[in-house]
Every structure is written in structure tokens, then in C-alpha cells.
Amino acid sequence: MSSGQVVKRVKYKATVKDPGTPGVLRLTQEKFVFKPNDPTTNNKLDVEFRFIKSHKHTKEGSGKPPWLNLTHAQGSYIFELESFADLHVCRELVGIALSKHVQGEATKVISEEQLSSAEMTLRIKLLQEDSKLQRLHKELVASGKLTESEFWATKKKLLDQDESRKLKQRIGFKNSLIFDTKPMSDGRINQVKFQLTPEIKYQACFLLCIFALKPAVHQAFLNFVPSKMNEVDFWNKYFKAEYLHSTKNAVAAAAEAAEDEDLAVFLKDDEILEIEARKKVRRVDPTLDMEADQGDDYTHLPDHGIFRDGSKEVSEAQNALYKRTLLQDLNRQGAVVLEGKTLDMEMEHPRTVAEILARRKQKSDEVVGDEERQNRISKMTPIEDLQAQDDHNYAPLCIKDPRDYFDFQQANAVKTLDDSQPGTEQMTCSLGSEEAYGSLMAAISKIQATGLRDPLFSPDVALKVLHGLTRNISSTKNHLGKTSQESVLDILPNTTKEKLLDHWVCSQELLRHFWSSYPVTTQNLVNKTRRLKDSISQIYSKLEEIKVSASSDLRHQVSLVVHPMQQIKVYGQFFTQALDAALLHYDADIKKRNARVSKKSNGYV
Amino acid sequence: MPSAPSKIYADDVSLLVVTLDTNPFFWATFPFPFAEFLSQVLAFLNSILLLGQLNQVIVIATGCNSCAYVYDSSSERSHGATTGTMPALYSNLLHNLNEFLAKDRQLDASQKPGTVPSSLLSGSLSMALCYIQRAFRLGPMPPQPRILCLQGTADGPEQYVAIMNAIFSAQRSTVPIDSCYIGSNNSAFLQQASYITGGIYYKPPQLDGLYQYLSTVFATDLHSRAFLRLPKSVGVDFRASCFCHKRTIDMGFVCSVCLSIFCEHHDKCSTCGSVFGQAQLDASAANRKRKA
């Protein structure tokens, strides 16, 4: 590692599916060389790292072999290493080599930590979408105040947000009519083979599908399997019925059913389905009942819905029946796919699977009962649509625009300059509680006795108040710009305003980084704080610049009451207060650290 | 400051909850007599009721030991017969206020003589919000609520947390808190309350014309307010009180977990129990080190 060279035994794969050529990989900081064990193959590689764009690797414990994937312009080189320990060694070297080359070219600053290309594009996309962020990025990263990774470390949320946007959908079952296992007929008439290996059969998923899609089979399995027949018989019967069903040979099916009553069970799905459908229909709001009936289309069942036209021809009826069953199958399939529950265990005995399913169903039925009760309650209350919302939607607690806060603070600062009043003068009360309460009650009884004064106050006072109020309103107007809604920042010329806001955002970011790097524990952090401190102290001079440039501009605006310099100063104060605190802390910390170091050396040496 | 227009109100019907400062110690030292103040306020309440038949006025007395509802224009008893010279509103309110004061006096704990105890503004704000919540649940079209604080006593920093909580819940249910402060300095609590909830803070400079200020600034319903130019607060005192000594502070220590505010460094947050690292105070840290 220290010599800058790593030699490992690897298999080289040109593609992922390639079985791989065994050989030796030699990695140095500049290039990597692959020599196959078999000198006759022409899979030799000798590539310099500057052609490599990025690298990926498989994770330990992900079940995949240790692969190192080096991406270049046309594709990628994949090396399968012997162990993950080897992989880590290689990865480290590749990381160093790549970062060296990339930094040498001075294109994008890539940090110690290597990025996947997906993350890189995500960052670029975020920057493109948000111009403010881009400006900040340019200001801080391009000038070397922060490294790329430091910058993004505080923006984790943005990155995650984008990530989470992608992976929200739950994965359902594979969407094919799974129970349609196709029979393989060998040409003879009564011999039909279903290709059903025990692996498939025992796969919980498969069973789950059959049981979920065909409640009758589920029921039958629970009833019959250990007691009446064994499993193999059961499945034989099931697929026989399935086959008969699929040939649509109704007569033959009927005959078989008459012969074998167990078989008949499979052909009578409808009963259970009907019960279920009824249950569902009951769940629907009473006002929607009819539509639910039509949509579910179980109207052909006796005692359910209305036959609109009784005089249909038989052939048509049969066709309709077929259509209906297909629709039902599709609906049922859809419902099962949407429910999408998978069992936790993969290989289970079918009996347990069936039981678990039955239990689960019961549970959901209980929930249904609950819902029904709720339904009844809602029926008793007036129809919801016609009522006003009874839950008061609350306004969100909001942190206001920081600008707003400045305005109010600014006015405060100006006011204290004007007033220069002592802040808190404690009022003293010489009276005891008895006298105080007594005088208050006397005042009340005085009004009770004499009534209100008539007139309430003199016209002089009224006039004074009126003048006072109008003056107050017009003065606040002058104070705070053209309209009373306008903020102090808007008085400033646009460029100054922009600059100030930019600086504000920038220094916020710097300060956040500064404080987050405390306590300083590693050399890395020491460097970072030093760098941050320097850039913070630069802001002072920049603010000064703005002050100078802005004041000359603003001097022309004589109409303004408040001296523009003062405003800038006030803004400056907000910046500098925070910045001062940071710098003070830095100095104190350095002193402390130095003291500690010297003490240690005294104590131990 | 837009407040979320999410609820459906009867837009020109107001539910005005007035909190009335009845701190006897304050009024005993204040140059403006209480009788004068009360008669101006009574006239104002009467004019609110006159502005609209459906308007509703609730008065809550803010004492220094307790708070109580002293008047509710919607209750049956308030519509009693006028007694001689006065309308029912006045006589009822005055009667209740007298009773309240008598009760408040009994609760009075002995305190340091010479100081004015603060009024229980947090309590009366909470009661006002409770009443408003009840009004929300009463019918499909509640009158549009607002709170008006008539306050004279200086802020009691010990109530900081309770008042801020009341303010935030008012903001959350979009109830503006207007405040008319008649004391000598500005009230930071009320300034913040009005700022956060989008109400009006006003400190009338001339108290003998109080009625006129009240009727010009605070009488209009919230719907009409959008069309008026009302006095804008020039500044808000955003200072907070520390949780440990209830002092009003400019700069302090903030718990990074629960945002509690302290005026001095603690080893442990008294609110949420988080243990703070020893980043500060080199001297004491060094001392501890040496001992160990």
C-alpha cells in the first residue's frame, strides 16, 4: 500500500455475464495492468487511470461476489477479486489514483470519498434547478472555501429528498395470471402432465397466489389435506379440475364432478366469491350501492341484483358467462396483486401457508366489521358531502421571512437611537393590597352610581387623537418605503439588496459549517476551521465595500428620512455580531488547545 | 401579514374577546384613573355590539391572582332589564367585575411591598382561546374571532413560556391578537403576540381619548381591515426570557435539542435533560482536568 502498488489475483470480465479470465492485476497510482494466467488469450490490459471516469464496487454482505468496476468512456472493466479484503485494498488505491488524476486535470473537485455517477448527476441537477444554490456553490466551493463533500454534507436533505422521490411504490406480485400453469399435453387423449416441480409447488409465493386467487381451493385444502387425502392427491385433483375448466368442456366437467364430489368443490368457486362480494358491497356507502353491484358484476348469481333482460338467448348467455368469469378472474387477480402481501418465510409447508392465509383473512374480516359499524354511524349522521368540514384545519406554524424580522429589528435599533430611554424602570407601588383593591372597587362603584361621563371626552381631545393617528400612519409610511407593506430592504438599490442578501446566505452557510465542525477533534477539522475563519474574516471587508459603494448611491435619495448609512450599518451589525462570535470562539479554542498541549508535554516528558 | 383564509366564517360577524387588565397595584400607581379607563372601554364594547346585531363580545378580567369571564354578550343573563340609568351590558359587567375583584383579593398572597406584581396575561389568553375553540365547534358558521388585550401592567417574564405557547396556538388557529398597551413602556410580549398572529399592536399616546383610539384602530372586523391603513408597528422587541431565572435576555445559551433558552451555561438542559458538552469555560474545564 505504502509502495503505491497492489498485486492481486483476479478474474477479468468484459461484461457482467462473462465467466471471467483468471489472471493477475497490478495496480499502481498511475495505471493498472492485467495479465491473464493463460498467456495465449489476448485479454491483456494496460490502462492509465486518467482514462478511467469512476469506479464502483459491490458491497460486502450483498450476496454478490467482490467485484471492482472501473468505468471508462466506452464501457467498464470488471474484476472479480478473491475476497472483500482484497477488494478494499484495491478500492482504496483506485480511489486515491482517480482523485489525483481528476484533481490534476482541475475539472471537478472530487473529494476523498468517491461518488457514484448517479449521485454526481443528482447534484448537478439540483444545482441546475436552484440558481441560488448554484451561486452559493460557486461562491464557496469554486473559491476553495469549502470542499465539495463539505458543501454537500449539509445539503444531505436535498439529496435524500430526491432519492426518496424515486422509491415510493410498493412492489406487488408479478402481474400475470399465475394460476394459469399451462399443461403439457403429449398428444394422447387422457394423459395430461402439469410441469410442477416440488420447488415450484413449495414456493410459498406460488401457493399464496393460488390460495388468494381461488378461495375455494384454499377452503378445500384446509378441509381435506391431512385428513381426507394427501397433498399430492389434492394437487392432482386441483389440476385435473383446472384442466377440465380450461378446455371449457362443460359437459365433461359436469360428468366428472358428478363422479367425484371432491372435484366438484374446485368447480364451485362462485359461492365463496359471492359471499365475499356481498361483504364488499355491504362495505360500500349505501348511496353507492347500485353502482357497486354493476361494477362487480355478480348479478348473474341468484338473489343478487336485477336481471334487466330475462329473455336472452342461451348461446349469448353462455358467451356472457364466459366474459363475466374472465372479468372476475381479472378483477380478482388485480385485487390480489394490489394487496401484495408476501409471506416472510420463503419455503414453507403448504399446510402452514394455508393456515396463515386463513388467519390473515379472518383478521381483515374483523376490520371489515369495524368498518361496518363506522358505516352505520355515518348513516345516522347527516350526509357528509353536504356538511361543512368539522375539523378545523390549522394554519402551519411558520418561521417568517428573515427579511421581515430584519425590518422590525432595524426599526427597533433606530428607535433606541432616537429614544435612548432606560429600558426597564420598575414601577413601585406604595399601597398595600387592601388599599389597592379598595380603590379599584371604589372606582367600579363610582361608575355604577353615576354612569358614564357624558360626553366621554372633549372635542379637543378628539381632534388631537385624530391628528396623532393620521400623523402616525403617514410617518410609518415614510419610514418604511412607499407603501406601508414595503420593507426597508426595498429602499436600497437593487444591486445592493441582492449583494446583501447573497452575503447573508453565504455567511449563514459558512457559519453553519463553522459551528458544525466543533468540537475540533481531528487535523482535518482544524484545517477546515482555519479555512472557514479566513473566509469569514474576508466577509468583513466585503461588507465594508458594500457600505462605501451603497452610501454614495443612496446619497441622492434625499427624500428618505433615515440615513442610508445607518441602515447598512444595522444590517452590518447583524452580520458582524454573528461573525464576531464565531471568531472569538475560534481564538478562545485555539488558546485552550495550545494550553492543553503544553500542559501535556510538561506532564509527560 | 396574510393569515390563512382556510375557515369559512360569517365574514362580517365578529367574536371579540377582550382581556381587561384589572391589576389593582398597577391601577393604584398609574396616573390615569381606572374609572375613566373602564368607562371608555365600556363605551367601546357597546359600540362593537351596535356595529352588528350578530357581533359577540366576551370580556375576561386579568387579575394578578386569577382570571375570570366577566361578561358574555351571548348568554341569557346578559339580556336582562336595564337598571335605571344603565344598559344591561354595563351593570352586568360591573357587577361581575366587582365579584371577581372580591374573589381575587381573597386569593391574594402576601408579596414584597413596593413592587407591582404582573397580571396573569397567559391565563386570560388561554381562556380566550378556549372560548374561541368552543365557538368553532358550536355551529357551521362561527363568527370570526379575534382577541384584544387591554394591558397596562409590565410583562412578567416568568410567564414567557406560557404566553408564547398561547401565542403560537392562536397563530395556529388563525386568531389574531390585537393589543392596546397603555403602560409606560412597550410590552415585548404583546408586540410579539400581535406580530406573530398578524394582529395590531398599538400604544395610544393620549389616554383620555382612549375610546377614539379603540374605535378607530380595533373596532373594524377582520374583513374590513384589509382595506384600511392602520398604524403599523414600528418595531418588535424579540427578546426572550431565560428559562432558568426568567430574566429578559439579548443573548444566551440555547439547548440544541429542545431550544430552551438559558442565561448561563448549564451542564444539563433542565427542560429535556440533554447533557451538554463542555465546549466553553476553559478555566473550569482545565481545573477539572488537573484534579483528575
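FYI, it's all coordinate maths here, none of it is from the lab. None of these values were measured; they are calculated from a predicted model. Neighbour counts are summed over all protein chains in view; Cβ atoms, including those assigned to glycine, are modelled from backbone coordinates with ideal geometry.
Extension gain for A:GLN134 to A:THR154 (0.36 nm times residue separation, less C-alpha to C-alpha distance): 5.7 nm. Per residue of peptide B:35-44, the mean number of Cβ atoms on other chains within 10 Å of the residue Cβ is 5.
Annotation for A:GLU119 and A:THR41: the two label points, set 7 Å from Cα along the Cα-Cβ direction, are 3.3 nm apart. The Cα trace of the stretch B:133-292 gives Rg and Dmax of 21.0, 71 Å, the first to one decimal, the second as a whole number.
Between B:THR271 and B:CYS130, the C-beta separation translates, for a Förster distance of 30 Å, into a calculated FRET efficiency of about 0.75.
Taking square-rooted eigenvalues a ≥ b ≥ c of the alpha carbon gyration tensor, is the stretch B:171-212 rounded, prolate or oblate, where a/c under 1.5 means rounded and, failing that, a/b exceeding b/c means prolate? Because a/c hits 1.5 or more and a/b fails to exceed b/c, the stretch B:171-212 counts as oblate.
Based on C-alpha pairs under 8 angstrom that are at least 6 apart in sequence, chain B has a relative contact order of 18 percent. Computed over the stretch A:6-107, the alpha-carbon pair-distance distribution with 10 angstrom bins reads 16, 51, 29, 4, 0, each value a whole percent. Among the residues of B:225-232, the average count of other protein chain beta-carbon atoms within 10 Å of the residue beta-carbon is 4. Taking a threshold of 28 Å on the Cα-Cα distance, which of the pairs A:LYS446/B:LYS232; A:LYS31/A:LYS528; A:LYS64/A:LYS155; A:LYS145/A:LYS592; A:LYS497/B:LYS203; A:LYS11/A:LYS56 fall above it? Where the Cα-Cα span goes over 28 Å, the pairs concerned are A:LYS446/B:LYS232; A:LYS31/A:LYS528; A:LYS64/A:LYS155; A:LYS497/B:LYS203. Which values, in whole Å and largest first, are the semi-axes of the equivalent ellipsoid of chain B obtained as the square root of 5 times each eigenvalue of the Cα gyration tensor? Equivalent ellipsoid semi-axes, largest first: 39, 23, 18 Å. Here the stretch A:1-60 is treated as an ellipsoid with the same Cα gyration tensor; its semi-axes, largest first and in whole Å, are 19, 15, 12.
For peptide B:256-265, the mean count of partner chain Cβ atoms within 10 Å of a residue's Cβ comes to 0.
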